[in-house]
Every structure is written in structure tokens, then in C-alpha cells.
Amino acid sequence: MTGPVRVDVITLFPGIFESPLRESLLGRAIERGLLDVRVRDLRTHAHDRHRTTDDAPFGGGPGMVMKPEPIFEAVEALEGDGRRRVILLSPAGRRLDQRLVRELAEEPWLVLICGRYEGVDERVADGLGAEEVSIGDFVLSGGEIPALALIEAVSRLIPGVVGNEESLGPESFSGDGLDHPHYTRPSEFRGMRVPEVLLSGDHARIAEWRAAAAADKTRRNRPDLLDER
Ligand code: 9D3
């Protein structure tokens, strides 16, 4: 890949992105030119007197629906060329997982549309070729937090973003089950002892213990990861 991975975010709440993109790993990735995130205020593409971006649903029902025109305009106003993948963060989308994250990390340019209210006019998915993506089966207030989760997950796979000490290892989530438990000093804390084997220096036994403890944890917390195979 030549140049940074570019991500354009289209949102009614650009402020939500400020500190998450400034802090920590994401802040550093952007500072170092590995990641180029551009947050766009959807409101600037609303042209009526009241800067309207939503309206009542055709067919009736509760809540409001995001109008298509400002979203189409915001996407069409993006300067630049080349392959871009347009994603609509939506509770009705394909579930984000590490496989999709890996796929997205191969793209040079992502456009993320953050929905609010009850939803987004379906013509955004149809007419802009936007793929719908959800981060899981729970109710949030909009696509902003999901967009940040997606950006952080993708950025970790950009070469150079994650340093050596914060391993990109095969643990939790290459799909083989959960990571093993971790311990650090002190070896006894409030009566709770670190498993003796971890203090033994016997690396073969440590590896065995970790594999068994990880399998145990997976069985308890995420049996679905074992069924799935
Ligand atoms: C309670 C409202 N729901 C009625 C069936 C639908 C609904 C509409 C809009 C639920 C949530 C939202 C706002 N959420 C998102 O835009 C969203 C989201 C989410 O809520 N959970 C997980 N992933 C995502 S991505 C976007």
C-alpha cells in the first residue's frame, strides 16, 4: 500500500470523534501519517432553512428517518479518486468481526456513514452501494461509536501502527478461541495467588497451562466459538 489508509466519516456529531482520534494508538497513527481520517459534518449538506437531515417515515411509524439527499451530496463531495468502499453503520448490517476487519484493512479508502434516529433511507444502501455493517446485537443511539470501533480495529492492522510490545499475535481473535488469563506482580494479592506454574520458569509447562486455561475460558465465556467449527 502506498500512502496512508484514508477514512472519510460522515456524521451529524463530528465532536464525538475528536478525542478518540487524538488519543493513544489512533492519535499516533494519524500523527505519523499511517492513517488519514477526515470527519465531515453532514449538516453542511442540508440546504433548507432549518438544515433538515431527517424526516418522518413513509408508511407511518415512530421516529425519524435520515433523508437521502444530504448523504448522497456528502459522499459525492468527497474529493479524490481510486477504489473506495462505502459502509453504512446500521444495526441491520452484517456483523463486524475480525475477518471483515482484515478485509477492510486491505482497502485504500473507506467511507463511513453514521446513521442516527430510527434509520437511514434505504436508497443510501441501494444508490451509493453502501454495505451495512453492525458491531453487534445491542441497541446504540447511532453509528458514531461503531464507526470508531471499526476505525480502531482496522488501524491496528496497518503496518507500523501497533508496536512490538503490543503484539499483533494470534491470540484472541484469529478465531481459535479466547486468550489465556494474564497475571503480573505481585504474586499474591489480597490472598489471591498467581498460578504456581507461571512462576516456575518451565516454558513448556507454562505453554501447556495457558492452552488449557484458554480452552477453559472459551468453554465458559464463548461456547459459540467452539460450536462454530
Ligand atoms: C430501538 C430502535 N430499533 C427499533 C427496532 C432500531 C434501531 C435504530 C437505530 C436501533 C438502533 C439504532 C441506532 N444504532 C445504530 O445506528 C447502529 C448500531 C447499533 O445500534 N448497534 C450495533 N451496531 C450499530 S451500527 C449502527
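A few comments on the model shown:
- Part-to-part distance (alpha-carbon centres) for segment 143-159 and segment 207-221, which is given in Å: 28 Å
- Glu18 paired with Phe138, simple spin-label distance in nm, labels 7 Å along Cα-to-beta-carbon: 2.6 nm
- Across segment 172-227, the volume of the C-alpha convex hull divided among the residues equals 92 Å³ per residue.
- For Phe58 and Glu131, a Förster radius of 30 Å and the Cβ-Cβ distance give a FRET efficiency of 0.80, rounded to the nearest 0.05.
- If the chain linking Glu188 and Ile206 were pulled fully straight, counting 0.36 nm for each residue of separation and taking away their Cα-Cα distance, it would gain 4.7 nm.
- Taking trypsin sites (Lys or Arg not before Pro) across segment 28-62, the ones in a DSSP loop with at most 15 further Cβ atoms lying within 10 angstrom of their Cβ are Arg32, Arg49, Arg51.
- Taking 11 Å as the cut-off, the amide N atoms of segment 51-95 that come nearer than this to a point 7 Å along the Cα-to-beta-carbon line of Glu118 belong to 55-66.
- DSSP beta bridge pairing in the chain, given as percent antiparallel to the nearest 5: 15 percent
- For segment 1-37, GluC sites (Glu not before Pro) meeting the loop criterion (DSSP other than H, G, I, E, B) and having at most 16 other Cβ atoms within 10 Å: Glu23.
- Bins of 5 Å from zero: percent of alpha-carbon pairs in segment 5-155: 2, 9, 20, 23, 22, 14, 7, 3, 1, 0
Read the figures in this text as sums done on the coordinates, not as results from a lab. Given the structure is predicted, the values throughout are model-derived calculations rather than measurements. With ideal geometry, Cβ positions are generated from the backbone for all residues, glycine too; neighbour counts draw on all protein chains shown.
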